[in-house]
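The block underneath contains the structure these notes are about, expressed in structure tokens.
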Amino acid sequence: MFKKIMKGGHKKPSKSEANDSSLFGYGNPGPGTGANVVVNHASRPGPSPPGPDSIVALVLAPTGTVELLPSFRDVPVSERQTLFMRKLQICCFQFDFSDTLKSVREKEVKRQTLLEIVDFIQSGSGKITEVCQEGMIKMVGVNIFRCLPPASHENTGQEPTDPEEEEPYLEPSWSHLQLVYELLLRYVVSSDTDTKVAKRYIDHSFVLKLLDLFDSEDHREREYLKTILHRIYGKFMVHRPFIRKAINNIFYRFIYETERHSGIGELLEILGSIINGFALPMKEEHKLFLARALLPLHKPKPIALYHQQLSYCITQFVEKDFKLADTVIRGLLKYWPLTNCQKEVLFLGELEEVLEATQSAEFQRCMVSLFRQIARCLNSSHFQLFLKFMH
């Protein structure tokens, strides 16, 4: 189930508190401070852009002159933690990606620095200190926790279009964001990461902000978020109930308020794996989640975008506990579409999978209502339903 790992206009506010660099202890460099980052404009004289074999970064030395940060391999082991922190500071600076000709050198410097930080974490060449871990998570937050661009219909004021017909949106700053997400992923999955220490920084607030980002319209970002959140769920047991409840709330808002969210499918993919690991007898909390969140997800119009993942989750519940088959079938009948034959085809396919895992006693409880609905489908003149029954 768990598969691959890997706009302009005014910004809309994030669902959680908006985050700027000052919230993480990294403000703009002030005068008279040592080892602060200098953002050099292309018109200013400076060193040549770094090549792939010489990863460097521009830093303002206490003397006021520009110096180059060396690679990790070029300094003694005892100095690498300090160098690590200085490189993190460089990566806390944001750039305008709406203009590809703006700050070209500085963007490349940051990208190369991010690459080296990722390599340093992945290589495990040195166990980073708690201070460095805190600085790294702060740097990650500065980069990824941002106001997402408005949806296309919000830019124009036009009526929302079918999400399936919209052009896919690609985040302009992805060359930097991808490396930041890769760094976070490597940190979470690393065997050197002590969860007792890491949970001080990857806390409930951090998790909530990650979940907010699932509304990103860039599918590449959602794939990284899916992988990272799934790994956090597996590694940080203390966060599990909170993550389930937070996903619940996203579903409620989607079902009963907006019917617009880019990441429902990815969240359901995570839940499919979680449901698969539920212990028996199943907790009442999980049964309520099925009845109050998963089954009502059949109601929104854009169900086709996430129905495959939803159907998998629903079937997992029935396979885990066959007694839930009656609840599931009655739920499907409750939300059965009246005038949308495409949705009816989806429902019939899901119903077929559920019935395969249904035992006789549960089937008898709901078979009268079920056969009445099937009879209505058989009387339909729509060719898609006819082909479905012929198949």
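The values are calculated or read from the model by the stated rules, or taken from the named source; none is laboratory data. Please read all numbers here as calculations on a predicted model, not as lab measurements. Note that each Cβ is placed from the backbone with ideal geometry, even for glycine, and that neighbours are counted across all protein chains shown.
Quick notes on this structure:
One line per residue, one yes/no per condition, for (1) surrounded by 14 or more Cβ atoms within 10 Å (Cβ to Cβ); (2) within 19 Å of Val131 (Cβ to Cβ):
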position: His176; (1), (2): yes, no
position: Tyr187; (1), (2): yes, yes
position: Asp192; (1), (2): no, yes
position: Tyr201; (1), (2): yes, yes
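- If you filter the stretch 207-237 down to residues that are basic (Lys, Arg) and over 8 Å from the mean Cα position of the chain (by Cα), you find that the one that is surrounded by the most Cβ atoms within 10 Å (Cβ to Cβ) is Lys209.
- The residue pairs whose first member lies in the stretch 80-97 and is within 21 Å of Ser175 (Cα to Cα), whose second member is assigned to a helix (DSSP H, G or I) and basic (Lys, Arg), and whose beta carbons are closer than 8 Å, counting only pairs six or more residues apart or on different chains, are Leu88/Lys138; Ile90/Lys110; Cys91/Lys110; Cys92/Lys138; Phe93/Lys110; Phe95/Lys107; Phe95/Lys110; Phe97/Lys107.
- Scan of the stretch 301-349 for residues that are modelled with pLDDT of 95 or more and hydroxyl-bearing (Ser, Thr, Tyr), ordered by number: Tyr306, Ser311, Tyr312, Thr315, Thr327, Tyr335
- Test result for Leu290, modelled with pLDDT under 95 and either assigned to a loop (DSSP other than H, G, I, E, B) or crowded, with 19+ Cβ neighbours inside 10 Å (or both): no
- Within the stretch 373-391, tally of residues that are touching a helix residue (DSSP H, G or I) at 6+ places or on another chain (Cβ under 9 Å) and modelled with pLDDT of 85 or more: 2
- Residue check for Lys87: touching a His at 6+ places or on another chain (Cβ under 7 Å), charged (D, E, K, R) and closer than 27 Å to Val189 by Cα: no
- Selection status of Glu106, of a type outside the set (S, T, N, Q), crowded, with 17+ Cβ neighbours inside 10 Å, part of a helix (DSSP H, G or I) and at pLDDT 90 or above: no
- Count - residues of the stretch 265-286 that are in a helix (DSSP H, G or I) and surrounded by 16 or more Cβ atoms within 10 Å (Cβ to Cβ): 12
- Index of the failed condition, Leu114 passing every other in (1) surrounded by 18 or more Cβ atoms within 10 Å (Cβ to Cβ); (2) at pLDDT 95 or above; (3) under 16 Å from Glu217 (Cβ atoms): (3)
- Here Glu134 does not qualify as assigned to a helix (DSSP H, G or I), at pLDDT below 90, under 22 Å from Ser71 (Cα atoms) and in the same structural domain as Glu79 (by TED's automatic domain parsing).
- Scanning the stretch 304-359 for residues that are of a type outside the set (A, V, I, L, M, F, W, C), closer than 21 Å to Leu280 by Cα and not in a helix (DSSP H, G or I) gives Asp321, Thr358, Gln359.
- Being surrounded by fewer than 15 Cβ atoms within 10 Å (Cβ to Cβ) and out of contact with any Lys or Arg (no Cβ under 6 Å at 6 or more places or on another chain) is a property that does not hold for Glu350.
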